[in-house]
1. Using label points projected 7 Å from each Cα along Cα→Cβ, tell me how many nm separate Gln76 and Arg12, to one decimal.
2. With θ set to phi - 60°, apply the Karplus curve 6.51 cos²θ - 1.76 cosθ + 1.60 along region 44-50 and write out the HN-Hα couplings as whole Hz, x wherever there is a Gly or Pro.
3. Read phi for every residue in region 30-43 and hand back ³J(HN,Hα) as whole Hz from Karplus 6.51 cos²θ - 1.76 cosθ + 1.60, θ = phi - 60°, with x for Gly and Pro.
4. Quick one: what are the phi-derived ³J(HN,Hα) couplings along region 12-22, Karplus 6.51/-1.76/1.60 with θ = phi - 60°, whole Hz, x for glycine and proline?
5. How far apart, in nm, are two points set 7 Å out from the Cα along the Cα-to-Cβ line at Leu33 and at Ser86?
6. Of all alpha-carbon pairs in region 1-80, indicate the percentage at a distance above 16 angstrom.
7. Expressed in whole Å with the largest first, what are the equivalent ellipsoid semi-axes of region 29-75 derived from the C-alpha gyration tensor as the square root of 5 times each eigenvalue?
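Only the coordinates and a few stated rules stand behind these numbers; no lab work does. None of the values given here were measured: they were computed from a predicted structure. A quick note on method: Cβ atoms are made from the backbone with ideal geometry, for glycine too, and the neighbour counts reach across all protein chains shown.
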Amino acid sequence: YCSRKLSSKVERAATTMMNADMDAVEAENQVELEEKTRLINQVLELQHTLEDLSARVDAVKEENLKLKSENQVLGQYIENLMSASSVFQTTDTKSKRK
C-alpha cells in the first residue's frame, strides 16, 4: 500500500510537471504567434506606405514633366516677344556712327 501510495504521488507530481511544461510551451507558442502577427502587420503597413510613397513619386514626376514643358513654352514665348520688340534689339554702334 505504501509503495502504491508513493507511486501515485510520483505519478501525480510527474503529471503536474508535464502539465506545467505543456503550459509553458503553450505560453511560449502564444508569445511567438503574437510576435509573428505583429511583424506581419508591420510588414503589411510598410508595404502600404511604400505603395503610397511610390504613387506620390510618380505623381510628382508627372507634375515635374508638365511644368518643364510649360517652362519651355513660356521661355519660347518670351524669346519671341523679345525678338519682336525693338527695345530688346541689339544695336550696331558702328553703323550708327557712320
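1. Label at Gln76, label at Arg12, 9.8 nm between them.
2. Those phi angles translate into 4, 4, 5, 4, 5, 4, 5 Hz.
3. Ordered by residue, 3J(HN,Hα) equals 5, 4, 4, 4, 5, 5, 4, 4, 4, 5, 4, 4, 5, 4 Hz.
4. For region 12-22, the Karplus-derived couplings read 5, 5, 5, 5, 4, 5, 5, 5, 5, 4, 5 Hz, x marking Gly and Pro.
5. With each label point 7 Å from Cα toward Cβ, the separation is 9.1 nm.
6. When all Cα pairs of region 1-80 are counted, 76 percent exceed 16 Å.
7. 45, 4, 4
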